[in-house]
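The values are calculated or read from the model by the stated rules, or taken from the named source; none is laboratory data. Predicted, not measured: the structure shown is a model, and the values here were computed from it. So basically every Cβ, Gly included, is an ideal-geometry build from the backbone, and we count neighbours across all protein chains shown.
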Amino acid sequence: VVAAFAQLAAECYLDASVGSGSYVSAVLPDDLLQARRSLRPARGPSPPRHRSRVATRLVAVPRFEPRPVRAFRANAPAVHEFPTTLWAQLVARRARRATASQLLGTDPRGYPPLRAAIADYLAAARGVVADPDQVVVVSGVLGAIDLVARLLLDPGDRVCMEEPGYRGAALLFEAAGARVARIAVDSEGMAVPGARHRNARLVYVTPAHQFPLGVAMSLPRRLALLAWARRTGALVLEDDYDSEYRFVGSPLPSLQGLDRSGRVLFAGSFSKVMFPALRLGYLVLPPDLVDRFASLIALVHRFLPPLEQAALCDFLTLGHFGRHVRRTRQLYAQRLGVLADGAARHLGGLLELAPTEAGLQTVGWLCDPALTGAEVERAAAAAGVEVASVAPTYGGPVPRQGLVLGFAAIRERELRRGVEALARVLERARR
Ligand SMILES: Cc1ncc(COP(=O)(O)O)c(C=O)c1O
């Protein structure tokens, strides 16, 4: 009884004073915590609204939809293979041992030991030359692109990027008011921008594994791009997404590691190696830019969640990350093999798979010139197959219609079913 009274008093349900007695509080806490329904304004039509230039430039972006993974979901890792029990232990241990200072926050540039672990990992795996002080923890590569667009671009500035290329990046640059120029991609990666782009402020490029075509930028092309950036004064934003998944040969050194003039910003992500909901990535900056980025992060986010950053640091430094990459790399190579075999057997004359040696997805080119990726996407969805047209990755005219096919997240049986179902969809569409 004493404990019950103490609890009621602690939660302000009772006013108790020694020698006088305990009385129900004149104002119950519930009244202070719950808004009265009648006070909420009635919903009516929205008033005419001013929109900023950014808002008017933004087009509708697909939302996250919690659907089960089917063939051929792109841009998704095999989350079933992620060691969630181990991850839960690392997060729980960090949460149990959190100090008061960790509960209050962390450096806006990121949890310092994590930044050191990322610098070590990138030096070994990607040839990135950087001090931990140059590493900033960001909310995925998209977070990195957003910071770069806000801090390094003014409205009207020119940004060069690949054609076709990552639409998310194009939308963010355009939302910042930049003029995006598309540069053709060939078998050596993005071409070096021509003379009419010499005033470009920034070049955004995916050299490790071009999105969406999958080619790796050749070494001569990398050196030529860096020489061009030195000559014109442009900065290069290197998006290293998916680089961990190369199935043959060893990766070429990053542009950042080849650069001697401090012109390259290097962005990467844990979304694809670990799991997309983690929303943690990194941006490696030339030393003179770090403070400005730290100030913007401090203003917008303060910092990214410190406990997840600390658990991620453990995941990297205890070797779990390396083990997970090695295991999933083998698995994804097998899954790619299953897709390629199935395509050879069932998709001949319908869809031509691009040669693929890396990544989580590939491109299939439609053999029938009368078909568009968008109509196949719709017909496939009706048949329980998820494919995405490549057309939205082009900024200009689409020279060839094709589909992006993810394989990494899809089990072998589902891949086989997907190939057969897609073949039926394409046969029907051709007729
Ligand atoms: C080329 C490319 N860069 C960046 C991203 C976004 O990565 P993140 O999840 O780290 O923001 C994607 C997502 O699919 C991508 O395809």
ask   = Hey, V248 hits all of (1) crowded, with 19+ Cβ neighbours inside 10 Å; (2) away from the ligand (no atom under 15 Å from the Cβ); (3) modelled with pLDDT under 95; (4) not charged (D, E, K, R) but one; which does it fall short on?
value = (1)
inquiry  = With the requirement that a residue be among the charged types (D, E, K, R) and surrounded by 15 or more Cβ atoms within 10 Å (Cβ to Cβ), what does region 328-348 give you?
reply    = R329, R335
request  = Name every residue in region 140-178 that is within 20 Å of A391 (Cα to Cα), out of contact with any Leu (no Cβ under 9 Å at 6 or more places or on another chain) and more than 13 Å from the ligand (Cβ to nearest atom), in order of residue number.
outcome  = E163
ask   = In the set D259, D242, which member is touching a residue at least 24 places away in the same chain (Cβ under 8 Å) and touching a His at 6+ places or on another chain (Cβ under 7 Å)?
value = D242
ask   = On the given criteria, is L255 over 23 Å from V390 (Cβ atoms) and away from the ligand (no atom under 16 Å from the Cβ)?
value = no
inquiry  = If P397 satisfies all but one of (1) surrounded by fewer than 17 Cβ atoms within 10 Å (Cβ to Cβ); (2) in contact with a strand residue (DSSP E or B) (Cβ under 9 Å, 6 or more places away or on another chain), what's the number of the condition it fails?
reply    = (2)
request  = Filter region 405-418 down to residues that are assigned to a loop (DSSP other than H, G, I, E, B) and more than 17 Å from L353 (Cβ to Cβ), then give me how many there are.
outcome  = 2
request  = Kindly provide the set of residues from region 369-404 that are basic (K, R) and assigned to a loop (DSSP other than H, G, I, E, B), ordered by number.
outcome  = R400
All helices (runs of 4 or more DSSP H) inside region 87-173 with 3 or more residues being over 20 Å from the mean Cα position of the chain (by Cα) = 100-104, 112-126
task = Pick out the one residue from A200, A191, A184 that is of a type in the set (A, V, I, L, M) and crowded, with 20+ Cβ neighbours inside 10 Å.
result = A200
query = Among the residues of region 258-296, how many are of a type outside the set (K, R) and away from the ligand (no atom under 15 Å from the Cβ)?
reply = 16
task = Keeping to region 48-86, report how many residues are surrounded by 10 or more Cβ atoms within 10 Å (Cβ to Cβ), of a type in the set (K, R) and not in a helix (DSSP H, G or I).
result = 2
ask   = Just wondering, is there one or more residues in region 283-299 that are closer than 24 Å to A98 by Cβ and either surrounded by fewer than 22 Cβ atoms within 10 Å (Cβ to Cβ) or of a type in the set (K, R) (or both)?
value = yes
request  = Show the residue pairs that are 6+ apart or on different chains and have beta-carbon atoms under 7 Å apart, the first residue being within region 271-290 and without any contact (Cβ under 8 Å) to a residue 40 or more places away in the chain, the second being within 11 Å of the ligand (Cβ to nearest atom) and not hydroxyl-bearing (S, T, Y).
outcome  = L278/F270
